[in-house]
Amino acid sequence: MNEKRKLTPALLFERFCYGCGDFGCNIIYTAMSAFLLFYYTDYAGVNAAAVGTIMLVSRIFDGISDIIMGMIVDRTKSKYGKARVWILRVCVPFALAGVLLFSVPTTLGTTAKLVYVFITYNLVSTVVYTAINVPYSSLNALMTQNPYERSVLSIFRNLLATAGTLTINMVTLPLVEFFGDNAAAWTKTFCILGLLAIVAFLLTFIGTKERVHAVAELNGEMEKITLLEGVKSLFANKYWIMMTCVLALFFLYYAINGGTTVYYAKDILEDKNLVSTINGIYNAIQIVAMFFIAGLVKKYGKRNVFSLGLILAAIGMLILEFGGSTMPVIIISSLIRGIGNACGGATMWAMVSDTIDYGEWKTGHRTEGLVNSACSFGYKIGNGIGSALLGINIQIGGYVGDATVQSSSALFSIRLCFTWIPLAVFAACFIILRFYHLDDEFEGIIRDLHKRAAKNN
């Protein structure tokens with residue numbers, strides 16, 4: 001089951017094209033995590049705590065839309081498959097919604113701005129991001145059942161996702177400054193980045209192929225289960241529950257740490273342009289490290305590699321906290337954190353895909369869309385809580401967007417969000433993963449599924 005496929009140009013191209021999907025997703029996702037609150041507070045003039053509350057409340061709607069989209073994917077039947085067709089349909093609306101997100105009219109009053117923020121934030125997060133990310137997240141499990149190949153696809157996904165994150169972190173603020181460093185400059189910047197996202201999604205659509213089908217489909221049937229049956233099958237899947245919790249926590253970390261970076265650079269390091277340096281090192285080492293992770297996964301398993309990543313990320317955070325805020329310390333911390341994050345990012349999506357096969361083996365129902373949509377709901381909840389915590393913390397700390405110097409309480413709130421909350425998250429994820437044993441069970445599960453398919457045929 002773990003044998004390698006012969007590496008051909010066609011296989012390498014398919015892996016690259018698969019990864020491009022998360023490059024496109026991260027054009028908006030990273031922008032929302034790293035810059036959206038900063039844009040709202042410092043350019044659009046919107047209250048941070050109010051925005052944080054909107055982001056958190058919106059996750060209720062987001063959760064509903066995720067489940068609906070998951071059911072839609074599972075019931076989709078087209079010449080392009082279950083998932084790829086939605087990537088094609090939604091890529092242009094995705095880019096347009098991203099532009100609207102960073103286009104708050106500055107002439108609006110306070111209440112009107114909050115209404116605009118609520119509508120556009122939900123348009124992006126609840127509607128278009130869900131409509132493209134849930135199908136994309138389902139695609140790995142639909143392309144192959146080979147655990148090694150899933151791991152490699154997950155690595156390519158994280159490679160290109162990191163490249164998308166690096167792109168956003170490196171070019172966003174320079175482009176904003178190029179276009180005039182005002183509110184309108186953000187709109188122009190995301191017009192360019194939106195076009196880039198469309199190209200990435202089209203590559204995913206063109207360059208990938210769905211090959212895996214449920215046992216029922218192999219027998220010439222279209223498996224249709226009710227929402228209640230689907231939900232019951234999810235909660236019978238212990239490994240799905242574990243991975244959903246881990247994803248929620250991990251993306252809470254992404255949101256609160258990533259969103260704090262620009263404040264950390266601007267108010268503690270006293271140069272907001274250091275964001276590109278800090279994140280550039282962090283993302284660049286991630287990309288390099290991921291070229292070595294496939295071998296580690298093959299030898300030690302996905303869970304153990306993920307756990308190693310959590311330990312390294314925690315060490316990087318502790319170095320930053322106790323080593324001082326000098327540039328050499330930040331560089332060393334970013335290098336270690338980047339390696340740690342590469343371990344987690346390169347394995348977690350493959351682990352989610354593995355839970356789909358476990359769920360089919362356990363319950364008889366194969367629900368790629370529902371599994372990934374429910375996981376998506378989980379990590380969006382984590383992201384929403386992280387964004388809300390960030391907004392509420394800096395508001396409580398007394399952060400003032402246009403202040404030349406921030407108060408000591410504001411600086412403390414920034415350090416809390418940048419370092420200590422992430423450390424608590426890493427500890428919680430590590431504990432949960434101690435109970436994850438699917439790596440050892442997976443080959444037997446796949447053999448049994450193949451036997452069932454052969455028997456029914």
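Readers should treat all values here as calculations from the given coordinates under stated rules, not as data from a laboratory. The structure displayed is predicted, hence computed values, not measured ones. Cβ sites come from the backbone with ideal geometry, for glycine too, and all protein chains shown count toward neighbours.
Quick look at the values:
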| item | result |
| --- | --- |
| Highest to lowest packing among 411-418, 149-156, scored as the average C-beta count within 10 Å | 149-156, 411-418 |
| Rounded, prolate or oblate (a/c below 1.5 giving rounded, otherwise prolate when a/b exceeds b/c) for the stretch 46-94 by Cα gyration tensor | oblate |
| For the stretch 73-123, convex hull of alpha carbons as volume per residue, Å³ | 71 Å³ |
| Whole-Å distance, taken between Cα centres, linking the stretch 390-457 and the stretch 261-300 | 16 Å |
| Ranked packing of 360-366, 400-406, most packed first, by mean Cβ within 10 Å | 360-366, 400-406 |
| D_trans [Stokes-Einstein, Kirkwood Rh over alpha-carbon pairs] for the stretch 1-91, 25 °C, 0.890 mPa s, µm² s⁻¹ | 146 µm²/s |
| Whole-Hz ³J(HN,Hα) from phi, Karplus 6.51 cos²θ - 1.76 cosθ + 1.60, for the stretch 50-60, glycine and proline x | 4, 5, x, 5, 4, 4, 6, 4, 4, 5, 5 |
| Size of the stretch 234-281 as Cα extents on the principal axes (Å, biggest first) | 51, 18, 10 |
| Anisotropy class of the stretch 298-446 from Cα gyration tensor, a/c 1.5 cut | oblate |
| Integer Hz, Karplus 6.51/-1.76/1.60 couplings in order for the stretch 189-205, x for Gly and Pro | 4, 7, 5, 5, 5, x, 4, 4, 4, 4, 4, 4, 5, 5, 5, 4, 4 |
| Computed helical MRE - 222 nm, the chain, DSSP H runs ≥ 4 contributing -39500 (n - 2.57), nearest 500 | -26000 deg cm²/dmol |
| Set of aspartates and glutamates near LYS302 by C-alpha distance (under 13 Å), chain-local residues within fewer than 8 positions excluded | GLU149, ASP354, ASP439, ASP440, GLU441 |
| Cross-link partners of LYS298 among lysines (Cα-Cα below 30 Å; sequence separation of 8 or more within a chain) | LYS4, LYS6, LYS82, LYS209, LYS238, LYS362, LYS380, LYS451 |
| Peptides ranked, highest mean first, by Cβ atoms within 10 Å: ranges 267-276, 192-201 | 192-201, 267-276 |
| For the stretch 336-375 versus the stretch 135-163, the gap between their alpha-carbon centres in whole angstrom | 10 Å |
| Using θ = phi - 60° and Karplus 6.51 cos²θ - 1.76 cosθ + 1.60, couplings along the stretch 330-346 (whole Hz; Gly, Pro as x) | 4, 5, 4, 4, 5, 5, 5, 4, x, 5, x, 5, 4, 4, x, x, 7 |
| Radius ratio Rg over Rh of the stretch 93-209, counting only Cα atoms, Kirkwood formula for Rh | 1.05 |
| Point-charge dipole on Cβ atoms (K/R +1, D/E -1) for the chain, about Cα centre, debye to 20 | 1100 debye |
| The chain - Rg over Rh from alpha carbon coordinates, Kirkwood radius | 0.96 |
